[in-house]
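Quick notes on the structure that follows.
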Amino acid sequence: MFAPFDLRSYAAWSTTNEELQALAEQGQLRRVESGETTRYQPDYTRLLFEEIRTLIEENTREELRNELTAITEEIEEWQATYDVETWEELEQSLADRDFSSDELRERRDVIGRWEENQEDRRLIKHALALYSDVEAARDQMIDVADRATR
């Protein structure tokens, strides 16, 4: 279903174009040329590393380990409860028999949370693998800043 037309969301093309170009110059977007058309898309690599950096900056190593453990435990509970190994198998089980609307809703919610947990687990594993490197880079930056103020 389409959203209602809203004139407030319109901006002059020149303003929009300037903003897109500025975001591309800052590295927030990538410019993709397609024939005579220029398209913009997020820089997914940059977004990935920013998310990992945020995890490292906002959490201790122990907090990340604890979250990884909690996520793994939750997935293991779902595997045991539904007798499946993956969220895809749980999704397939929806077609295997007739469930009540409550059972379908519950399984659908678990599938969504399971997918999110897998993504979070992947990011946390990356953050833990890079934690020491990011700490060392941060310490080096602080050392350089301290020497500059002396």
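The values are calculated or read from the model by the stated rules, or taken from the named source; none is laboratory data. Keep in mind the model is a prediction, meaning the values are calculated, not measured. When we count neighbours, we look across all protein chains shown, and the Cβ atoms used for this are built from the backbone with ideal geometry, even at glycine. Side chains included, ligands, DNA and RNA excluded: accessible areas come from the protein's heavy atoms. Shrake-Rupley method; radii C 1.70, N 1.55, O 1.52, S 1.80 Å.
Apolar share of the accessible surface for the chain: 48 percent from carbon plus sulfur atoms, 1.4 Å probe.
Taking GluC sites (Glu not before Pro) in DSSP loop conformation with at most 16 other Cβ atoms inside 10 Å as exposed sites, the chain has its longest uninterrupted site-free stretch at 86-150. For segment 18-150, the residue among 59, 90, 110 whose Cα projects farthest onto the positive side of the dipole built from Cβ charges is 59.
Calculated accessible area for segment 16-150 comes out at 73 Å² per residue, all protein chains present (probe 1.4 Å; ligands, DNA, RNA ignored). The residues packed around residue 124, meaning those with a beta-carbon under 9 Å from its beta-carbon, carry a net charge of +2 if Lys and Arg are +1 and Asp and Glu are -1.
Basic side chains Lys and Arg get +1 at the Cβ, acidic Asp and Glu get -1 at the Cβ, and with that the dipole of the chain about its Cα centre reaches some 840 debye.
For the pair residue 134 and residue 115 in one chain, pulling the backbone fully straight at 0.36 nm per residue adds 4.1 nm over the alpha carbon distance. Computed from the C-beta positions of residue 96 and residue 48 and an R0 of 30 Å, the FRET efficiency is 0.25 to the nearest 0.05.
Taking segment 41-57 and a reference point 7 angstrom along Cα→Cβ of residue 30, the backbone N atoms nearer than 11 Å belong to 41-47. Radius of gyration (Cα atoms) of the chain, expressed as a multiple of 2.2 N^0.38 Å: 1.54.
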